[in-house]
Amino acid sequence: MRPYVIVNVAMSADGKISTRERRQVRISGKQDFSRVDRLKAESDAVMVGIGTVLADDPSLTVKSEECRNYRREKGFSINPVRIVVDSSARIPLEASVLHKGEGKRVIAVSGKAANTKISLLEEKATVLVSGEDDVDLPALMDALGGMGIRRIMVEGGGTLIAGLIGAGLVHEIYTFIGNIIIGGRDAPTLSDGNGFISEPLFPRLSLLEAQRIEEGILLHWKVMQ
C-alpha cells in the first residue's frame, strides 16, 4: 500500500516559494508555523528533495513540546521518519537532517549514485536505491509503504512536488499564500520541472477549505485522481 501524500508549501502572492537564488524566505507567521508543526507531528514521515536540503539545511524535526508529547502519547518516535529524495547522493554528510533529533532517516537515491557515498550514508540512514538516472518515485512509494509508512508530508521543493504530482502520487495540497511579492522568472514555484503542456493532462484540484491566517490565506486542496 502506497502512502497517503500531503504537500504543504508557503508561497508569495505571485506564487514563488523562494528567491531565484533558492534562498529561504519567511512567508508565513507563528500561527501557520504551528499548523505545519501539527501536520508534521500527525504524519509518519516528512519528505523533501535534495535542493531543499542544500539551500536550507532543515532538520525536519517536530518543534513544539505539545506536538512532541502528542507523538509520545501515540507511542511514536518524537520525529517522523525524515526522507530526502537525492538521485545523485549529493547530501552533505554533515547535513542537519542526518544529525539533529532522534528518529529514522531515509535517503532515496538512483542507480547513478556513487557506491562510496552510499556506504557513508548507510552509517547514518537507510538508503533506498530506485531508478536509473532519477529516483523512481512510484517505486519509492511502494518501498516506503512496505516499511509501514502510511502518511507522508512533503515540504518541497518544486522539482520533487512536480514529480510527485506528475506521477499521480499526491492526494492533498495545502498552500499558504503570503502577503509578499518575490518575483523572478527563475524563482521556484510549487510545481517546477517541465510542466504540463496539454490541457487534458493538467492535474485538477477540488478546493476543500479556504481560511485566513494572519495576513495570508490557507487553501486546502484535494487532488482529483
Over the chain, what percent of the accessible surface lies on carbon and sulfur atoms, probe 1.4 Å?
-> 49 percent
For labels at residue 96 and residue 142 in the simple 7 Å Cα→Cβ model, what's the distance in nm?
-> 3.5 nm
Could you go through segment 206-221 in sequence order and give the Karplus-derived ³J(HN,Hα) for each residue, using 6.51 cos²θ - 1.76 cosθ + 1.60 with θ = phi - 60°, rounded to whole Hz, and x for Gly and Pro?
-> 10, 6, 8, 6, 10, 9, 6, 10, 6, 9, x, 9, 9, 10, 10, 10
Inter-centroid distance (Cα atoms) of segment 112-178 relative to segment 181-225, Å | 20 Å
Tell me, what HN-Hα J-couplings in whole Hz come from the Karplus equation 6.51 cos²θ - 1.76 cosθ + 1.60 at θ = phi - 60° for each residue of segment 98-108, using x for Gly and Pro?
-> 8, 10, 7, x, 6, x, 7, 10, 10, 10, 9
Amide hydrogen neighbours beyond the local backbone of residue 189, cut-off 5 Å, H modeled = 17
Set the Förster distance to 45 Å, then compute FRET efficiency between residue 185 and residue 150 from the Cβ-Cβ distance, nearest 0.05.
-> 0.70
By the scheme Lys and Arg +1, Asp and Glu -1, what is the net charge of all other residues having a beta-carbon under 13 Å from that of residue 225?
-> +2
Quick one: if you stick a label point 7 Å off each Cα along the C-beta vector at residue 197 and residue 115, how many nm between them?
-> 4.0 nm
Residue 196: accessible area at probe 1.4 Å, nearest 10 Å²?
-> 80 Å²
Proximal charge balance of residue 178 [Cβ under 14 Å; K/R count +1, D/E count -1] = +1
Would you mind checking which residues have amide H under 5 Å from residue 4's amide H? H placed 1.01 Å from N; only 5 or more apart, or other chain.
-> 151, 152
Whole number in Å², please: accessible area per residue of segment 1-160, 1.4 Å probe, ligands, DNA and RNA not counted.
-> 47 Å²
Provide the net charge surrounding residue 145, with neighbours chosen by a C-beta distance below 12 Å and charges set as Lys +1, Arg +1, Asp -1, Glu -1.
-> +1
Residue span residue 214 to residue 26: 0.36 nm per residue of separation minus Cα-Cα distance leaves a gain in nm of 66.3 nm
Distance between Cα centroids, segment 13-30 to segment 61-79: provide it in whole Å.
-> 27 Å
In deg cm²/dmol, rounded to 500, what helix-only [θ] at 222 nm does the chain give when every DSSP H run of at least 4 residues adds -39500 (n - 2.57) and the total is split over its residues?
-> -7000 deg cm²/dmol
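The values are calculated or read from the model by the stated rules, or taken from the named source; none is laboratory data. None of these values were measured; they are calculated from a predicted model. Glycine gets a Cβ as well: all are built from the backbone with ideal geometry, and neighbour counts include every protein chain shown. In case anyone asks, the SASA skips ligands and DNA or RNA and just uses the protein heavy atoms, side chains included. Shrake-Rupley method; radii C 1.70, N 1.55, O 1.52, S 1.80 Å.
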